[in-house]
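Below you'll find the structure, written out as structure tokens, and then a few comments.
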């Protein structure tokens, strides 16, 4: 038997893996189907906004896909490599989620500043995860949360241009991401991993709906 190379991760039972697989599978199917629908109806919004949507959708599917690949690969050196992609994809997802929202801001200076912060932070996080795997994991959680909520400093500007339903759904999604963190850390809890991913998929669904509203509403 190959020793589990992932620090602090306990082995999951079949029932836990099945629950996690259902959550991942549902999330990936919904992201692909919903993303294709929104993209097909978003061509009227202009090239830049469509490009931002594509970037967001690629980030969303990549996060869910790498999460599934990592979580369902048996303990092995390959799993250790996939862990880097899984955790890196979260940074890209955060920045990718901001991108369609930033395209709505009338101030190019503010949009550029926020883009530099979220994409710069995401790139730094990816570098940390790729070059220093398994280290600074607690710091990484803090960076995820900080990047996710940095947009609150521009809330007034976003309120002026985004539909209220988009603002609410983005905030609710952020709440679900944040509220799931304790379950991510609570490794002894039965179905812990499935519960954590249920929070992630719920959060992603909320924010997807909010972004879709920009293109379909």
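Tabulated data
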{"quantity": "Computed Kirkwood radius, in angstrom, where 1/r is averaged over Cα pairs of the stretch 30-79", "calculated": "12.4"}
{"quantity": "Calculated diffusion of the stretch 167-217, Stokes-Einstein form, Kirkwood radius summed over Cα pairs, 37 °C and 0.692 mPa s, µm²/s", "calculated": "291"}
{"quantity": "Fewest-first ranking of 103, 167, using other Cβ atoms within 10 Å as the exposure measure", "calculated": "167, 103"}
{"quantity": "Calculated diffusion of the chain, Stokes-Einstein form, Kirkwood radius summed over Cα pairs, 37 °C and 0.692 mPa s, µm²/s", "calculated": "183"}
{"quantity": "Folded to 0 to 90 degrees: helix 108-131 orientation relative to the chain principal axis, Cα", "calculated": "10"}
{"quantity": "The stretch 93-189: C-alpha gyration tensor shape, a/c 1.5 cut-off, then a/b vs b/c", "calculated": "oblate"}
{"quantity": "Cα-based radius of gyration of the stretch 32-133 once divided by 2.2 N^0.38 Å, which approximates compact folds", "calculated": "1.22"}
{"quantity": "Crossing angle, helix 164-185 versus the chain [Cα axis fit, 0-90 degrees, rounded to tens]", "calculated": "20"}
{"quantity": "Theoretical gain in end-to-end length, residue 165 to residue 18 [0.36 nm per residue, Cα-Cα removed]", "calculated": "49.5 nm"}
{"quantity": "Nearest-ten-degree value, helix 137-149 long axis tilted from longest Cα axis of the chain", "calculated": "20"}
{"quantity": "Relative contact order computed over the stretch 1-134 (Cα-Cα under 8 Å; 6+ residues apart), in percent", "calculated": "28"}
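Each value in this text was obtained by applying a stated rule to the coordinates, not by laboratory testing. All values derive from a computational prediction rather than experimental measurement. Here Cβ is always computed from backbone atoms with ideal geometry, including for glycine, and neighbour counts include all displayed protein chains.
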